[in-house]
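This report refers to the structure that appears directly beneath it.
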Amino acid sequence: MVYIENDKIASNVPSAWYSSLENYIVKGRNAEIWDSEGKRFLDYVGGYAVLNTGHLHPTVIERVKVQLDDFSHSCFAFAPHENAVKLSEELNKRYPINSDTKTFMVNSGAEAVENAVKIARYFTNKKGILSFKGGFHGRTYLAMGLTGKDKPYKEGFGPFPEFVKHASYPYAYRDVSDDQALESVKELFNTTLDPNDTAAMIVEVQLGEGGYIPASSYFLQSLREICDEKNILLIFDEVQTGFGRTGNMFGAETVNVVPDIVTLAKGIAGGFPLAAVLGKSEIMDSIHDAGIGSTFGASPVSCAAALGVLEAFDNENILENASKQSEIMNSQLLNMLKEYDFIGDVRGYGPMIGVEIVKGKDLNSPDKDKTMQIISKCKDNGLLLVSCGENGNVIRFMGPLTTPINQVEEALEIFKNSLN
Ligand SMILES: Cc1ncc(COP(=O)(O)O)c(C=O)c1O
């Protein structure tokens, strides 16, 4: 058996890149993982909302193996391959933008976001970008600039682009209503952001890192209308909300609002690195030849995995399972909300549920220490969870959508025992 020697980690990787688990992970199957000491966990972190189809989904792995018999890499701009084209075709067919779309593939969520903004600026020939407080869009410079949460993502890394401005994101529990958030968008347009020189708004359908806060259809539809009125493109960052996480295949379906461009990553390839920018054809085709590209983007292996993910969604009732999961989780977590005075809120679309921990039902007293205690207790008891939110006091559930119902119940039981 292998054990992580802590001094070995410390002497080889930067301390800022710390891991939460003490031991190496040595095996993963669907919603379960095992560490190097043989301890089994239910994985409600899922590689940070990546493993929507679980660890080593057989259909995904089979497709990968078949691809690896042929070749492992070709830079798409030089030698196209069928997997990338099939995947683009599938995504164009499935993402609910009701006009022709095209898809371009890169490696990570941040890279997809960078490219979405790049394309929006080119198409509109405008500079400004409106983003939201609490939003998270990745760790590259522009993505950091778009991100609306300072610690730990931006602190000390500035300056960031001046052309990005942040409006309020609605947060019902903390009394930021949809209308107040919309007012803050209008206020930016009246002050620091020229609407005639704004290329795009970028928004998550439900904040991920920002605290699992869902935006209403009304709010997002109102953004859509503002964008239409001012000739601004609407970008949905669905890196976290995509691939079933909100209960539908895509967050856009959950809120019934149509963006112009969308970024996808995380769950797209079942654990293999891949991301996509999908948008209306006229926008995607506006860029000059070779103006977008990436050496590893659309890796044939990752594209094979992604086709396996879509096949699994088509054949295995994954969305039905996700909706069963969210029903059970919501009903039990809402009971816990009544029972424990340190649970302030339970919220989220589908199985993308966040539990906000506060002191004595006081929404103004976020309790990060207690949040960490609960997460640590859960880990001791065999359930992996992480926190999110501006104050680090929201526990989020990101388990595979393929988790068997008995394991969903087991996870909730461990959670409840750990609260006690
Ligand atoms: C909404 C959203 N956008 C972008 C990103 C960045 O993705 P990546 O870490 O793959 O660059 C994340 C990652 O958590 C995310 O949740």
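Which of the numbered conditions does Leu87 fail, given that it passes all the others? Conditions: (1) away from the ligand (no atom under 16 Å from the Cβ); (2) surrounded by fewer than 22 Cβ atoms within 10 Å (Cβ to Cβ); (3) assigned by TED's automatic domain parsing to the domain that holds Gly293.
All conditions are met except number (2).
Results for (1) more than 10 Å from the ligand (Cβ to nearest atom); (2) of a type in the set (Phe, Trp, Tyr); (3) out of contact with any Asp or Glu (no Cβ under 8 Å at 6 or more places or on another chain), shown as yes or no for each residue.
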residue: Leu188; (1), (2), (3): yes, no, yes
residue: Thr192; (1), (2), (3): yes, no, yes
residue: Gln206; (1), (2), (3): no, no, yes
residue: Ile213; (1), (2), (3): yes, no, yes
residue: Ser217; (1), (2), (3): yes, no, yes
residue: Arg224; (1), (2), (3): yes, no, yes
residue: Gln240; (1), (2), (3): no, no, no
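Which members of the stretch 365-381 meet the condition of being acidic (Asp, Glu) and exposed (fewer than 14 other Cβ atoms within 10 Å of the Cβ)? Even if it seems obvious, please write down each step before you answer.
Restricting attention to the stretch 365-381, the residues satisfying the condition of being acidic (Asp, Glu) are 367, 369, 380.
Hits for the stretch 365-381 are Asp369, Asp380.
Does the stretch 26-35 contain any residue that is without any contact (Cβ under 8 Å) to a residue 60 or more places away in the chain, acidic (Asp, Glu) and surrounded by fewer than 14 Cβ atoms within 10 Å (Cβ to Cβ)? Explain how you work it out, then say what you get.
First pass over the stretch 26-35, keeping only residues without any contact (Cβ under 8 Å) to a residue 60 or more places away in the chain: 26-29, 34-35.
Filter again for acidic (Asp, Glu), leaving 35.
Adding the requirement that they be surrounded by fewer than 14 Cβ atoms within 10 Å (Cβ to Cβ) leaves none.
No, because not a single residue in the stretch 26-35 is without any contact (Cβ under 8 Å) to a residue 60 or more places away in the chain, acidic (Asp, Glu) and surrounded by fewer than 14 Cβ atoms within 10 Å (Cβ to Cβ).
Can you tell me which of Tyr340, Tyr349 is within 16 Å of the ligand (Cβ to nearest atom) and modelled with pLDDT of 95 or more? It would help to see each step written out before you state the result.
On the way: Tyr340 fails: within 16 Å of the ligand (Cβ to nearest atom).
Going through Tyr340, Tyr349 in turn, the sole match is Tyr349.
Given the conditions (1) hydrophobic (A, V, I, L, M, F, W, C); (2) touching a residue at least 12 places away in the same chain (Cβ under 8 Å); (3) more than 16 Å from the ligand (Cβ to nearest atom), which single one is not true for Ile235?
The failed condition is (3).
For Ile119, all conditions in the list (1) out of contact with any Gly (no Cβ under 7 Å at 6 or more places or on another chain); (2) touching a residue at least 60 places away in the same chain (Cβ under 8 Å); (3) of a type outside the set (D, E, K, R) hold save one; what is the number of the exception?
The one condition Ile119 does not meet is (1).
Filter the stretch 140-197 for residues that are over 29 Å from Leu337 (Cβ atoms) and touching a Lys or Arg at 6+ places or on another chain (Cβ under 6 Å); which is surrounded by the fewest Cβ atoms within 10 Å (Cβ to Cβ)?
Thr192
Here is a check on your reading of the model: is Ser326 in contact (Cβ under 8 Å) with a residue 24 or more places away in the chain, under 18 Å from the mean Cα position of the chain (by Cα) and surrounded by fewer than 18 Cβ atoms within 10 Å (Cβ to Cβ)? Outline the logic, then answer.
Values: in contact (Cβ under 8 Å) with a residue 24 or more places away in the chain: yes; under 18 Å from the mean Cα position of the chain (by Cα): yes; surrounded by fewer than 18 Cβ atoms within 10 Å (Cβ to Cβ): no.
So Ser326 fails the test.
Count, please, the residues in the stretch 109-157 that happen to be closer than 24 Å to Gln180 by Cα, within 10 Å of the ligand (Cβ to nearest atom) and either modelled with pLDDT under 95 or touching a Phe, Trp or Tyr at 6+ places or on another chain (Cβ under 8 Å) (or both).
Number satisfying all stated conditions: 3.
The values are calculated or read from the model by the stated rules, or taken from the named source; none is laboratory data. Just so we're clear, the structure is a prediction, and the values are computed from it rather than from any experiment. No Cβ is skipped: glycine too gets one built from the backbone with ideal geometry, and neighbour counts run over all protein chains shown.
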